Each structure stands twice: as C-alpha cells, then as structure tokens.
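Some notes on the structure that comes next.
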Amino acid sequence: MNAIVLAILVMVTLSLARISVVFALIAASLVGGLVAGMPLTAIMDAFNQGLGNGATVALSYAVLGAFAVALSRSGITELLANRAIRGLHLDDQPSSRRWVAFTLLGALLATAVSSQNLIPVHIAFIPVLVPPLLKLMNHLRLDRRVAACVITFGITAPYMLLPVGFGSIFLNDILLANLNDRGAAFGLDVTRGMVPIAMLMPIGGMALGLAVAVLFSYRRPRRYEDRDLAHGDETPTEAARHLAPWQMAVLGASLVGTVAIQLLSGSMVLGGLFGFALLSVSGVFRWHEQDDIFTEGMRMMALVGFIMISAAGFAGVMQATGEVPALVESSAELIGDNKGLAALIMLLVGLFITMGIGSSFSTVPIIASLYVPLALSFGFSPMATIALVGTAAALGDAGSPASDSTLGPTAGLNADGQHDHIWDTVVPTFLHYNVPLIGFGWLAAMVL
C-alpha cells in the first residue's frame, strides 16, 4: 500500500477511535515514513522541519484565545447574551428559537464568507466571535455541529469560487498559474474567466451539503451547559453589573482595533495583543488578573495549537516520502481507458493528498504537475481539467483533522469544552462537503 494512503488511514482511524489527534498525527507520520523506506532519523528531521510552518498560526490562536477570554471576563459577552435571551424570549417562547437560530447561522455564514474577501482575516475571527455566542446557542438549543458546517462552508467555498481576497490567490495566483504552467507543453490555455465557471458545479455540491446539514441532519435541539469561559475574582455576571459606558466603548474599540491591526500588519499575533492590552488598561478586570486570564486563554486554544503544529510536521513527512507521484502512477494503472473511472480515481487521490498536507493552497502545485498531463491524455476538456484539478486540491480541506478549515470552527465552538473536534466538526464536514464535492466534481469533469 502507498505510504501516504496508509498514513492517512492510520491518522483517521486513530482519530475516530478518540485517540488524541496529536498522537494520531505523530503515529501516522512514523508509519508513513517507515513504509516509504525512510530511516527514523530522516522521518524525525522532516517532522521537526515541518513543525515551524504551524507555529505562527498556533501562537496566533493562543493570543486570540487570550483576547476572547478577556472579553468574557469583562462581562460584556454575558451582558449581551442575557439581553438577547430575555429580549427574544428564548426560554419562554420556544417557537421563536428556530428563526433566531436561522438568523444566527446566517450571520455566522456572512461573517465567514466576508473573512475570505471583504475583511480578509481568514480564520482569525473565530476565537474572538464564536465563544461569546455559545451561551446564546445553548439557549437556542442549537446543535453546534451545524454551526461547524456553516463556518467551514463560509471559509472554504468562497476561495474556491470567488476570485477576490483569498479566492484571487487560490484561483488566479495558484490554480490558474499552475494549470497554464503545467499545460503549456500540451497546448492548454486557461483564462481567468474560465476558472470560477469550472468550479461552479463542485461548489454547488458543497452548497447542497450545507442545506442538508442545516435543514435535515442537525435540526433537532441539543442541550449544552452554560459554562463561564473565564474565572477570576468576579464571575462574568458580576463584572457586567458595573461596566461603565466608557468601558463598553473601549471594548468596541478593542474589537475594531484587533481587526485593523491585523490587516495593517498582516499579523494575527499583533492584533490579538493590541486588543488584550487595550482591555487590560480599561479596568474591566483587575490588573493582577492579567497573567491568569492570558494563560487561561492560551490554555483554551492549546489543543488546537498543538494539532496545527503537529499537522505541519505530518505534512513535512508526507512530502519527504516522495510517494505522491507513485500514488498517481499506481492509480493510473488501474484506470485503463475508462474516462469516468479516471475522473473518480483522480478525485479520490486528491482527497488523500490534501488530507495529508492539510491545505488546498499547498496541494495545487503537486496535483497540477501530475494531473494536467493525465487529464489531457484522457481527452478531458480544459474546463473539465480545471474542475478536476481544483476539486481534487480542495477535497480534504474540509473534513481533515489537520486542516485549519476544521480546526478553526473547533477552536471557537469548543471554548467551553463541549464540542469534540473529530465527531462534532471533522465527521460532519467530511460527510456534508467532501462526499458531494466528489460527486459534483466528477459530474463537472464528465459534462464540461
């Protein structure tokens, strides 16, 4: 068995068995490296070299987590949640919950989509925006799995379809450039206008999966406990009672400033530090509690951070094995001259590659160099080739235990420890997005 396929199967199996994802990633790295014939020292060198690629994002999440806990400690999130619960009569009139839940999900979707283009902060908004909403979700009895599906759709579908913000980078700078570069020798000429049209059908499959998740899969109420995100000399409820108007203004400024500093500096760390510093001098919590609050926030994001770092090491080992070309070649031998089977195999191989690397942005150059000649040799049109390469690269971004598309939603929804990364984020997003992506990606390859 190919080393990458075996490593992915080991990682997924261990994760589904509720073994720590960090342990699963390390164990899968060792299995994949050893099967590929790498010495143990070479495996660990590749793993260690890859670790640094995830360290920046992990630190960013830790700092943003500290900022989120500081917001909770101020009492403002408790105050707003209680006002919303009373004003919307969520406890007295259960009939109103459904429409409020749809409105909340719509707001989360709009925010997630905007984070890819209008305000391109990517996943940085999640640990700041989502934890304060958990109490409101609890009283709505909203299944957090549907919230995970909504957020994941919002941070993945736009960059695969809309050529603005991160979508411009993925569709134009990466996908289009690699297709033309690899296809030049075969006469392939792809224009910018062709790429979003070719990706429209696969993303339509994701939209269908989102509709199924919202309207059918997770529509039943689910109960969660109300838990404080921060603990100090006062509870958040007590802190909310003596919030002054000028302190509320500072809280608003800290939110705006966090986003502005990140956009200006390109650093989530600086944005989070600015927001935390502004709250520290505002007096919304006692000065001596700073260290405890910051530590508590970092602890809240520790699991996600370590998974991100380990995932980068795992990707480093997978790339060092050199098994990707062998995987494609062995798959090509099984295809024969069956065009439909060729499209399906290419999509499934792309799923394994992306789940191993953890990022569709990093997968495109690898996929394009191997798939463009293969697709053209089977007689696929330029539009079908775009759909195949783009979908194969995007597959696995949603539904991978090691992807920021699943780690991001988990970071926010598990802030109070009631949302499991694998069973409440990874499995739902895999079923509702990867499965329809394969089906609609295959359909696009066959009809375009």
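Of note:
- Per residue, the chain exposes 39 Å² of accessible surface when a 1.4 Å probe is rolled over the protein heavy atoms with every protein chain present.
- Against the chain, whose longest principal axis is taken from its Cα atoms, helix 194-212 shows a tilt of about 50°.
- Hydrodynamic radius (Kirkwood) for the chain, which is based on Cα pairs only, to one decimal in Å: 22.7
- Solvent-accessible area of Phe274 with every protein chain in place, 1.4 Å probe, in Å² to the nearest 10: 80
- Cβ-Cβ FRET estimate between Arg141 and Leu431, R0 fixed at 35 Å, reported to 0.05: 0.95
- Residues Ser377 and Ala260, FRET efficiency given R0 of 51 Å [Cβ-Cβ distance, rounded to 0.05]: 0.50
- Taking every C-alpha pair closer than 8 Å and separated by at least 6 residues, the mean separation divided by the residue count of the range 95-170 gives a relative contact order of 40 percent.
- Against the criterion of solvent-accessible heavy-atom surface with a 1.4 angstrom probe, Trp246, Trp423, Trp99 sort, most first, into Trp99, Trp246, Trp423.
- Normalised contact order of the range 289-448, rounded percent, pairs of Cα under 8 Å and 6 or more residues apart: 26
- Length gained when the stretch Ala110-Asp189 is fully extended (0.36 nm per residue, less Cα-Cα span): 25.0 nm
- Computed over the range 281-400, Kirkwood Rh from alpha-carbon pairs, angstrom: 16.7
- Segment Arg227-Arg286, extension gain: residue separation times 0.36 nm, minus the distance between their alpha carbons: 19.1 nm
- Highest-fluctuation residue, Ala315, Ala46, Ala244 considered, GNM on the chain with Cα pairs under 10 Å: Ala244
- With R₀ fixed at 60 Å, the C-beta to C-beta distance from Ala277 to Asn338 puts the FRET efficiency at about 0.45.
- Of Val195, Val281, Val57, Val5, the residue with the largest accessible area leads and the full order is Val281, Val57, Val5, Val195 (1.4 Å probe).
- Rolling a 1.4 Å probe over the protein heavy atoms leaves Glu225 with an accessible area of roughly 110 Å².
- Under a Gaussian network description of the chain, with springs only between Cα atoms under 10 Å, the residue in Thr258, Thr425, Thr152 that fluctuates furthest is Thr258.
The values are calculated or read from the model by the stated rules, or taken from the named source; none is laboratory data. From a predicted model like this one, the values you see are computed outputs, not experimental measurements. Ideal geometry is used to build each Cβ from the backbone, glycine not excepted, and the neighbour counts take in all protein chains shown. Just so you know, the surface numbers come from the protein's heavy atoms only, side chains and all, with ligands and any DNA or RNA stripped out. Shrake-Rupley method; radii C 1.70, N 1.55, O 1.52, S 1.80 Å.
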